[in-house]
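Quick notes on the structure that follows.
Readers should treat all values here as calculations from the given coordinates under stated rules, not as data from a laboratory. The model shown is predicted, which means the values in this text are computed figures rather than measured ones. With ideal geometry, Cβ positions are generated from the backbone for all residues, glycine too; neighbour counts draw on all protein chains shown.
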Amino acid sequence: MSRAYDIVKKDPNRVIIFDTTLRDGEQSPGCAMNLEEKLKMARILDELGVDVIEAGFPVASKGDFEAVNQIAQVVKNATVCGLSRAKKGDIEASADAIKPAESKRIHTFISTSPLHMKHKLQMAPEDVLEAVKESVSFARKFTDDVEWSAEDGSRTEDDFLCQCVEAAIEAGARTINFPDTVGYATPLDFAAKIAMLVERVPNIDKAVISTHCHNDLGLAVANSLAGVGAGARQIECTINGIGERAGNAALEEIVMALRTRHDIMPYTNNIVTEKISKASKTLSAITGFAVQPNKAIVGANAFAHASGIHQDGMLKNANTYEIMTPESVGLTESKLVMSKHSGRHAFRSKLEELGYELGDNALNDAFARFKDLADRKKEVYEDDLVALIEDEIGQENDRIKFVSLQVQAGTSGPQTATLVLKVDGKDEPASVSGNGPVDAIFKAIREIYPHPDAKLKLYQVHAVTGGTDAQAEVTVRLEENGKSVQGTGADADTLVASARAYIHALNKLLTKRESKNAQMDQSEAV
Ligand code: KIV
Ligand code: ZN
């Protein structure tokens, strides 16, 4: 059985939320996540209440397979889905990877537009149609829950689209996904295509229709909602709208639009909207992709009221300028939590309250850093603690660790960084001048651990909380041989945070190199 199909059959107004943050989102430049980060996001998505988690593309690499497989082991509520091209090897890889999941789906796709069939696939339409039938019936051998997608669906000819959809359902697909792969559609024509499928495909009642909209014209959310109005009952989306090029439809915008305008969109879903903010912030911290301040729902200004007239209205009645409450998306004031007088016991229970359980060693390190922070920063907020702990957890297994840093900066003389790192357990010092303090620090890291092929692609700083004593959260992206990794670091001192972020990225690069070498060894052995 297909869980999603059964849900929609029982309740025709229920919309299935299919999250592809870990697949379509993760494959976009700069959004790559490692295994631990993917597992962390998968748990958050599961708590958020998404119905389906598209966990990856198992045949793409050993790492992708492993991630989908482990996600299938930890997810408790959602259906876990693996993506596959219309190829037996892809489908077998997905089937193997999702095996441990309680509820599993295989998603298989092939392009159906004239442009893609001719130039990308170099296949005739009859052969594509045959591949649809074969791939779906092959996938059905492994699970009853099979989704089929018409890649570049919005630029596909109607007759051929209907033929493929009918064949896919006949072969056993229980979800039919209609992607606007290149973000070309507008709400009216997207809705018309969905309505056309409902009208013309004779066996359409045997499947749930799904939307998958890209945001190239900024219309992904509008198109998805228009699709639901025309009969779709699954929306594919990502947290913060991450994804190829301009991204995918943003989950938080879709869900809050459905909640806020229930009067004209009487559809339900399973999302616990109060968990949206945490999901957004965690993803942003993991990927280093900052959310634009004026982004709907999760931007820093989404609930800020600056003009005098608005503030006056808000004080009289919040409904004057707020169509939803900050609490409904899980935004609460970051609470003042602790001071330098707080003890280890209070520290541990505060962390537990924030959802962190650390082992003794990690707790000791984190506590020492907290004391240091509390000494330098008068007020330590929950957000400060989260930034510090995320930093600490991220670096637990690193080969290269930050030990100390002294920087000479200012207008006179060369800016110099004197840095000590622990490399595989041994202290390594360097003292280097640079074109500014950050340049000097990064050069010192390169001197201690040379990595000439890696290029710095992004250096970004933002403040965790307000005030001049706020902690800085720094993101660094490095790229080596076309593969990029991202590191983050937090500290009350921006330069220390910069060093930590670079070291974090470098450690990820080393892990990536190691797993690549292991894969090469394996393929040589085969
Ligand atoms: O955009 C797209 O067409 C896709 C498919 C694989 C569903 O991501
Ligand atoms: Zn896509």
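Which of Ala497, Phe289, His212 sits farthest toward the positive end of the charge dipole of the chain, with +1 on the Cβ of Lys and Arg and -1 on the Cβ of Asp and Glu? Of the options given, the answer is Ala497.
Computed from the C-beta positions of Ala318 and Gln292 and an R0 of 25 Å, the FRET efficiency is 0.55 to the nearest 0.05. Compared with the dominant Cα axis of the chain, that is its longest principal axis, helix 382-394 is turned about 80°. For a straight C-alpha distance cut-off of 20 angstrom, the aspartates and glutamates reachable from Lys457 (same-chain residues fewer than eight places away being disregarded) are Glu26, Glu244, Asp439, Glu447, Glu473, Glu479, Glu480. Candidates Leu35, Leu258, Leu354 compared by Cα position along the dipole of the chain: farthest toward the positive end lies Leu354, with charges placed on Cβ. Each part gets one Cα centre, and for the stretch 266-329 versus the stretch 333-377 those centres are 27 Å apart. Between 0 and 90 degrees, the angle of helix 251-260 with respect to the longest Cα principal axis of the chain falls at about 70 degrees. Near Lys371, which lysines are there with a Cα under 16 Å away, not counting those fewer than 8 places off in the same chain? Qualifying lysines at Cα under 16 Å: Lys340, Lys350. Summed over qualifying helices (DSSP H, 4 residues or more, each -39500 (n - 2.57)) and divided by its residue number, the chain shows a 222 nm mean residue ellipticity of -13000 deg cm²/dmol.
Taken over the chain, the ratio of Cα radius of gyration to 2.2 N^0.38 Å equals 1.04. Among the trypsin sites (Lys or Arg not before Pro) in the stretch 373-461, those located in a DSSP loop and surrounded by at most 16 other Cβ atoms within 10 Å of their own Cβ are Lys378, Arg399. Counted over the chain, the DSSP beta bridges are approximately 50% antiparallel. Size check on the stretch 400-518: the Cα extents along the three principal axes, sorted descending, read 46, 31, 26 Å. Computed over the chain, relative contact order equals 10 percent, with contacts defined as Cα pairs under 8 Å that lie 6+ residues apart.
What full-extension length gain, to one decimal in nm, is calculated for Lys340 and Met265 as 0.36 nm per residue of separation minus the Cα-Cα distance?
Working: separation 75, 0.36 × 75 = 27.00 nm, distance 5.06 nm.
Net length gain for the segment: 21.9 nm.
Past 22 Å, Cα to Cα: identify those pairs from Lys422/Lys512; Lys87/Lys206; Lys38/Lys275; Lys87/Lys193; Lys120/Lys483; Lys38/Lys455, in the order given. Beyond 22 Å between Cα atoms: Lys87/Lys206; Lys87/Lys193; Lys120/Lys483; Lys38/Lys455.
Against the chain, whose longest principal axis is taken from its Cα atoms, helix 494-525 shows a tilt of about 50°. Around the Cα centre of the chain, unit charges on the Cβ atoms of Lys, Arg, Asp and Glu (plus for the first two, minus for the last two) sum to a dipole of about 400 debye.
With only Lys, Arg, Asp and Glu charged, each at its Cβ (+1 for the first two, -1 for the last two), find how big the charge dipole of the stretch 218-344 is about the Cα centre; round to the nearest 20 debye. Charge dipole of the stretch 218-344: 440 debye, to the nearest 20. Note on the chain: dipole from Cβ charges, positive end direction compared against Asn319, Leu161, Gln406; the farthest Cα belongs to Gln406. For trypsin sites (Lys or Arg not before Pro), the sites in the stretch 10-86 that DSSP calls loop and that have at most 15 other Cβ atoms within 10 Å are Lys76. For trypsin sites (Lys or Arg not before Pro), the sites in the stretch 113-204 that DSSP calls loop and that have at most 13 other Cβ atoms within 10 Å are Lys141.
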